[in-house]
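Each reported figure results from applying straightforward, stated rules to the coordinates on display, with no laboratory input. Keep in mind it's a predicted model, so treat the numbers as computed, not measured. Every residue, glycine as well, gets a Cβ built from its backbone with ideal geometry; the counts of neighbours run over all protein chains shown.
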Amino acid sequence: YEAHREAGLGEIWEEDEFWIELSWRIDPDGSLGIRKYFESPYRAGEKLTLDEFYRWIFENSVPGLPEAAARERLSPLEYMRKYGAFLVQEKIYHAHERAPAESELAQARVDRTTGVVTSNDKPIGVEIDGKTHVGFPTPSRKLEFYSRTLKEWKWPEHAIPGYIRSHVHWSRINRNTGEMLLLPTFRLPTLVHTRTGNAKWLNEISHSNPLWLHPGDAERFQVKTGDLLKVVTEIGYFIDKVWVTEGIRPGVVACSHHLGRWRLSEESGGARWSSALVELRQTGPGKWMMRQVHGVRPFQSDDPDSGRIWWQDAGVHQNLAFPVQPDPISGQHCWHQKVRLERPGPDERYGDVFVDTNRAHEVYRRWLQMARPAPGPENLRRPPWLLRAYRPAPEAFYLTPDK
């Protein structure tokens, strides 16, 4: 980030660089025990650099890379700078048929009933026809048609694959009263979540997120492209313009991701390339109303392109109007929404967003009631074999302190 700052470009941080710097600022003398994890493995007591960070990874954790680099008389880091990629393994479609490592098999035991091979009480493979294979990352080491895990964790009706009727199943949507399924998660090819909010050229290309509506539904609601519709959710609403297209299924309305950014101050709070200035006010206990003051406008900056902005639309924010809907099995958010479409009132405008936060909490509590809470077998919080991006210590999986 120092190079960017010295060039007058602000502090543009690479994510790994940020964590290194943050750790050193939190623990400058190492007394908290944090800094040691971000010290150079090549220069004792010195701050880890990004070159050293990737150098160590390429030298120690990419199988085959050091050897491939040596054949070209390059260091692993130089090799990756030259080629940008390295094929760790090919022909991997039968990886489940590989044998476990010899070191794992040395103390392995075989369950003669299931064929599961364990080492240190951990499944490492499965024996089939006298041969041991690593199999798949499941308790049985097989692709499971029947999931013992789901049965043991209080979901026996889903232990065998089947169709689950979701909260937006067609049988739960009354089209006669204007109800539809809202698809709020589809992506445009030009934008990426919040990460392209500062990309001026991408926002010049894509700066609107209209409601995709099938011609049959447009006829039902008596609207055409450019007309406004109010999308009413369980906890509020937002108002957007319509785009009539045969590219959406009848009974489904879609509003793309990425757009609808807003800021409360003219000069700060969000990139002016992509955000609308809004007024946010509380209309009652827990009830909030957001209205656009103006959309995107040209502005003065060191970049002359900021004065060449020709578009005004910043899209419509929709996420605030969605309640938190935790899936009762996985806990992940269920994004799809059952909504009701209606024509806006005379005092309602494009971009209006309303949310009742008290009602949002009620909906969240209702979804929580559908869960079947822990503990599972052996007082576990969750099945320990399921993959985690950042896996906690083994003892953290148990509800009792003695495990």
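Simple spin-label estimate for R109 and A393 gives 2.7 nm between the two label positions (7 Å along the Cα-to-Cβ direction from each Cα).
Partners of K154 within straight-line reach, counting aspartates and glutamates whose Cα lies under 17 Å from its Cα and excluding those fewer than 8 residues away in the same chain: D327, E378.
Taken about its Cα centre, segment 68-119 carries a charge dipole of roughly 180 debye when the Cβ of each Lys and Arg holds +1 and the Cβ of each Asp and Glu holds -1.
The Cα-based radius of gyration and maximum Cα-Cα distance (Dmax) for segment 170-368 are 17.3, 56 Å. If you run the Gaussian network model on the chain, springs between alpha carbon atoms under 10 Å, then out of S265, S301, S31 the most flexible one is S31. Projecting the Cα atoms of L188, S140, A199 onto the dipole axis of segment 134-256, where Lys and Arg carry +1 and Asp and Glu carry -1 at the beta carbon, places S140 farthest toward the positive end.
For F186, what is the net charge nearby, where nearby means another residue's Cβ is under 15 Å from its Cβ and Lys, Arg count +1, Asp, Glu -1?
Taking every other residue near F186 into account, the sum is +1.
In the set (i) 29.3; (ii) 21.1; (iii) 27.1, the label that goes with mean projected area of the Cα convex hull in nm² computed for this structure is (i).
Hey, which lysines would be in cross-link range of K36, C-alpha to C-alpha under 22 Å, not counting anything within fewer than 8 residues on its own chain? Cα-Cα hits under 22 Å: K47.
Lys and Arg at +1, Asp and Glu at -1: add these up for the other residues within a Cβ distance under 12 Å of H258 and post the number. Don't jump to the answer; show the numbers that get you there.
Values: positive: R187, R195, R261; negative: none.
Residues near H258 contribute +3 overall.
Please enumerate, by chain and number, the aspartates and glutamates with C-alpha under 13 Å from the C-alpha of K200, excluding those fewer than 8 residues away in the same chain. Straight-distance partners of K200: D303, D305. Separation of segment 158-180 and segment 226-248, taken as the distance between their Cα centroids, equals 21 angstrom. Modelled spin labels at A101 and Y364, positioned 7 Å past Cα toward Cβ, are 4.3 nm from each other. Quick check for me: using +1 on Lys/Arg Cβ and -1 on Asp/Glu Cβ, what's the dipole size of the chain about its Cα centre, in debye to the nearest 20? It comes to approximately 1460 debye. Magnitude of the charge dipole for segment 2-83, about its Cα centre and with charges confined to Cβ atoms of Lys, Arg (+1) and Asp, Glu (-1), is about 300 debye. Segment 85-142 and segment 1-46 have their alpha-carbon centroids 41 Å apart. Other residues with beta-carbon under 15 Å from the beta-carbon of R165 carry, at +1 per Lys or Arg and -1 per Asp or Glu, a net charge of 0.
Relative contact order, percent, of the chain when contacts are C-alpha pairs under 8 Å separated by at least 6 residues? Present the calculation step by step, with values, prior to reporting the outcome.
Details: 645 pairs, mean separation 47.8, N = 403.
In percent, rounded to a whole number, it is 12.
Only one residue of A99, V339, F397 has its Cα farthest out toward the positive end of the dipole of the chain, where Lys and Arg carry +1 and Asp and Glu -1 on Cβ, and that residue is V339. Counting every Cα pair in segment 55-106, what percent are over 15 Å apart? More than 15 Å apart: 55 percent of the Cα pairs in segment 55-106.
Which of the peptides 44-51, 284-291 is most tightly packed, and how do the rest follow, judged by the mean count of other Cβ atoms within 10 Å per residue? It would help to have the intermediate numbers written out before the result.
Values: 44-51: 12.6, 284-291: 14.6.
Going by the mean number of other Cβ atoms within 10 Å, highest first, we get 284-291, 44-51.
Size check on segment 279-403: the Cα extents along the three principal axes, sorted descending, read 63, 41, 25 Å.
When the square roots of the Cα gyration tensor eigenvalues are ordered a ≥ b ≥ c, the ratio a/c for segment 95-144 is under 1.5, which makes its shape rounded.
In whole percent, what relative contact order does segment 95-144 give with Cα contacts below 8 Å and a gap of six or more residues? Write out the running numbers ahead of the final one.
Numbers: 81 pairs, mean separation 16.8, N = 50.
The normalised contact order for segment 95-144 reaches 34 percent.
Could you give the C-alpha radius of gyration of segment 106-180 expressed as a fraction of 2.2 N^0.38 Å, taking N as the number of residues it contains?
Values: Rg = 19.9 Å, N = 75, 2.2 N^0.38 = 11.3 Å.
My calculation over the Cα atoms of segment 106-180 gives 1.75.
When the charge dipole of segment 31-97 is built from unit charges on Cβ atoms (+1 for Lys and Arg, -1 for Asp and Glu) and taken about the Cα centre, the candidate among S61, P76, G45 whose Cα reaches farthest toward its positive end is G45. Test of understanding: in a Gaussian network model of the chain with alpha carbons linked when under 10 Å, which of E97, E219, E59 would top the mean-square fluctuation ranking? Comparing E97, E219, E59 in the GNM, the peak value goes to E59.
When only Cα pairs under 8 Å and 6 or more residues apart are kept, what is the percent relative contact order across segment 44-135? All intermediate terms of the calculation are to be shown ahead of the outcome.
Values: 87 pairs, mean separation 16.4, N = 92.
Reported relative contact order: 18 percent.
The sum of -39500 (n - 2.57) across all DSSP H runs of n ≥ 4, divided by the residue count of the chain, sets its helix-only mean residue ellipticity at 222 nm to -5000 deg cm²/dmol.
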